[in-house]
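Here's the structure, in structure tokens; my notes come after.
Nothing in this text is a laboratory measurement; each read-out follows from the coordinates by a stated rule. A quick note: this is a predicted structure, and the numbers were derived from the prediction, not measured. Every residue, glycine among them, receives a Cβ derived from its backbone with ideal geometry; neighbour counts consider all protein chains shown.
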Amino acid sequence: MTSNDSKATLRLDEGGQWLIRSTSLTVCFLDLDTRRLLRDRGPGSSILPYDGLWVPLVEVRSQRGDAGVIRVGDRHEFLTDPAGGAHDFRFWIPRVCVAIEPVTASDLPTEQGPSTR
């Protein structure tokens, strides 16, 4: 992780690499420079297709109804296109966001398939 502090709001057009934490142990890594998402499933969370794999991020919507913004205290819908251009969209709605933390490119996980942590 970087030495930068976490933030309360993240706009997708800001770019960079981020770790999104929720009230569960499952975390979401975002590489906004390449518009990709990786869901790293934690203990007790349901298994979803594409866990542990980088997938193209299409859009993020908040419970407030806006798009392109992630906020601590909100729930969000992450819309992805795992087949990359096939428009076979999938969505994931994690629990309430509790932290938005900057990470470096070297902190980002490599594709690992379903998490076992």
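In region 18-78, counting only strands (runs of 3 or more DSSP E) that sit wholly within it, the ones holding 1 or more residues that are more than 15 Å from F91 (Cβ to Cβ) and either β-branched (V, I, T) or touching a Pro at 6+ places or on another chain (Cβ under 7 Å) (or both) span 27-31, 36-40, 69-71. If you go through region 6-17 and keep only what is more than 16 Å from T110 (Cβ to Cβ), under 12 Å from the mean Cα position of the chain (by Cα) and assigned to a strand (DSSP E or B), you end up with just L10.
If a residue must be closer than 18 Å to T104 by Cα and of a type in the set (V, I, T), how many such residues does region 33-65 contain? Of the residues in region 33-65, 1 are closer than 18 Å to T104 by Cα and of a type in the set (V, I, T). Kindly evaluate F89 against the criterion of being surrounded by fewer than 14 Cβ atoms within 10 Å (Cβ to Cβ) and out of contact with any helix residue (DSSP H, G or I) (no Cβ under 8 Å at 6 or more places or on another chain). So F89 fits the description; yes. Only one of the numbered conditions (1) over 22 Å from T104 (Cα atoms); (2) of a type in the set (A, V, I, L, M, F, W, C); (3) surrounded by 15 or more Cβ atoms within 10 Å (Cβ to Cβ) is not met by A83, and that is (3).
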